[in-house]
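See structure below.
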Amino acid sequence: MTEAFGLKDEASFKGVGIHTGVSSEVLVAPSEKRGLFFAFPGGIFPVQSAVADGTARGTTLVFPDGSRVMTVEHLLAALAGLGVWSALLSPLGPEIPALDGSARPFVEALAPLREPGWDVAPIAVAREIAFGDSRGGFMGVIPSDRFEITCSIRYDSSAIGAQVYEGVVTSDVFAGDIAPARTFVLDSEIAGIRDRGLGRGGTADNVLVIGDGDPLPTSTYRVPEEPIRHKVLDLVGDLATLGRPLKGRVIAHRAGHRMHLDLVRRIRRGLLLF
């Protein structure tokens with residue numbers, strides 16, 4: 001099934017899914033076709049053909065044959081962040097492995113794919129798109145000749161408080177400043193997450209647990225203000241469901257997977273108007 005994609009070496013990632021707790025694997029290989037493709041017994045599908053859902057503390061993709069895979073955002077962020085837009089992903093299990101809760105292991109293994117990758121024409125934002133939600137979240141994108149992100153969060157917990165990230169996201173910036181940032185959770189959120197049947201594979205090895213009191217020591221973080229940088233990581237991964245690079249300045253305030261994916265849908269609708 002994969003010979004038509006001109007596969008050479010595969011990278012294999014194994015581990016438990018952070019939400020299902022089920023052992024899973026995903027194979028990633030270079031492709032001679034432009035785009036990010038997912039391979040299942042029912043066929044090979046471009047990422048943009050999937051219906052994306054972001055309501056379960058992660059991004060789940062459902063493909064035309066009914067195949068479903070959870071928590072794709074860290075792997076997609078690694079590919080997009082590196083500028084790899086020609087790859088074939090073969091999930092073996094219900095969820096992408098959590099590994100260490102960041103995109104760093106994916107980046108370290110997939111960096112060689114940058115060399116044989118094909119240039120893919122980016123989606124250039126032609127007009128402003130902006131919307132909000134009832135909880136004070138805001139999401140938008142404006143035209144720019146580069147891929148830029150302004151992302152902010154505000155938590156009642158003084159351990160996180162308000163954090164802002166702003167900058168042009170190049171492959172070097174992503175690999176060094178964003179990819180190492182781990183999934184995080186407030187200690188007070190854990191019980192509610194488990195009650196929803198999620199977080200079954202979450203451990204101290206793949207989740208940064210933050211208390212509701214004083215900030216953690218700086219030495220605890222892999223990168224400065226690690227929570228906001230992980231939010232940027234998630235945003236890059238969710239935008240990768242466009243199937244092509246984005247050229248524009250993305251602005252996100254108190255947003256999450258659901259709003260990220262809503263922006264993707266609005267960008268797609270905008271493309272149909274031009």
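Each Lys and Arg contributes +1 and each Asp and Glu -1, all at the Cβ; summed about the Cα centre of the chain, the dipole is approximately 760 debye. Put in line by how crowded their Cβ is, counting other Cβ atoms within 10 Å and starting with the fewest, Phe106, Phe174, Phe131, Phe138 read Phe131, Phe138, Phe174, Phe106. Projecting the Cα atoms of Thr59, Gly21, Leu75 onto the charge dipole of the range 3-118, computed from C-beta unit charges around the Cα centre, puts Thr59 farthest toward the positive end. Distance between the 7 Å Cα→Cβ label points at Ala124 and Arg265: 2.8 nm.
Per residue, the average separation of C-alpha pairs within less than 8 Å and at least 6 apart gives the range 3-118 a relative contact order of 32 percent.
Working note: Debye formula, equal point scatterers on the alpha-carbon atoms of the range 3-118, no solvent; log10 I(q)/I(0) at q = 0.13 Å⁻¹ is -0.44.
Here the simple spin-label model places points 7 Å from the Cα toward Cβ, and for Lys14 and Arg68 these points are separated by 2.6 nm. Taking the centroid of alpha carbons for each part, the range 188-210 and the range 27-101 are 23 Å apart. Evaluated at q = 0.11, 0.18, 0.22 Å⁻¹, a Debye calculation over the C-alpha positions of the range 103-197 (equal weights, vacuum) places log10 I(q)/I(0) at -0.54, -1.18, -1.28.
Net charge in the neighbourhood of Ser157 (other residues with Cβ under 13 Å of its Cβ; Lys, Arg +1, Asp, Glu -1) is -4.
Taking other residues whose beta carbon is less than 14 angstrom from the beta carbon of Ala126, and scoring Lys, Arg as +1 and Asp, Glu as -1, yields +4. When all alpha carbon pairs of the range 51-147 are counted in 5 Å bins from zero, the resulting P(r) reads 2, 10, 15, 18, 19, 19, 12, 3, 0 %. Put a plus charge on the Cβ of each Lys and Arg, a minus charge on the Cβ of each Asp and Glu, and nothing anywhere else: the dipole of the range 1-121 about its Cα centre is then about 160 debye. Just add up the charged neighbours of Arg135: K/R +1, D/E -1, any other residue whose Cβ is under 13 Å from the Cβ of Arg135. Net of charged neighbours comes to +1.
Helix-only mean residue ellipticity at 222 nm, the chain, DSSP H runs n ≥ 4 weighted -39,500 (n - 2.57), per residue, nearest 500. What is it?
Numbers: 5 runs with 53 residues, N = 274.
Here the helix-only value at 222 nm equals -6000 deg cm²/dmol.
The trypsin sites (Lys or Arg not before Pro) found in the range 97-172 that occupy coil by DSSP, while having at most 16 further C-beta atoms within 10 Å, are Arg127, Arg135, Arg146.
Tally the DSSP beta bridges in the chain and give the antiparallel ones as a percent, rounded to 5.
Values: 37 of 53 bridges.
Counting only bridges with both partners in the chain, antiparallel ones make up about 70 percent.
Sorted from fewest to most neighbouring beta carbons within 10 Å, what does the list Ser171, Ser158, Ser134 look like? Intermediate values should be presented prior to the final figure.
Values: Ser171 15, Ser158 11, Ser134 5.
Taking fewest neighbouring Cβ atoms as first place, the list is Ser134, Ser158, Ser171.
Approximating the spin labels as points 7 Å out from Cα along Cα→Cβ, the Glu108-to-Arg135 distance works out to 3.3 nm.
So what is the diffusion coefficient of the chain in µm² per second by Stokes-Einstein at 4 °C and 1.567 mPa s, using a Kirkwood Rh over Cα pairs? If you can, show how the numbers build up before the last one.
Working: Rh = 18.8 Å.
D = 69 µm²/s.
Comparing Asp156, Asp234, Asp262 in a Gaussian network model of the chain (Cα springs below 10 Å), the most mobile by mean-square fluctuation is Asp156.
Where a number appears in this text, it was derived from the coordinates with a stated rule and is not lab data. Note that this is a predicted model, so its numbers are computed, not measured. As a convention, Cβ positions derive from the backbone with ideal geometry for all residues, glycine included, and neighbour counts pool all protein chains shown.
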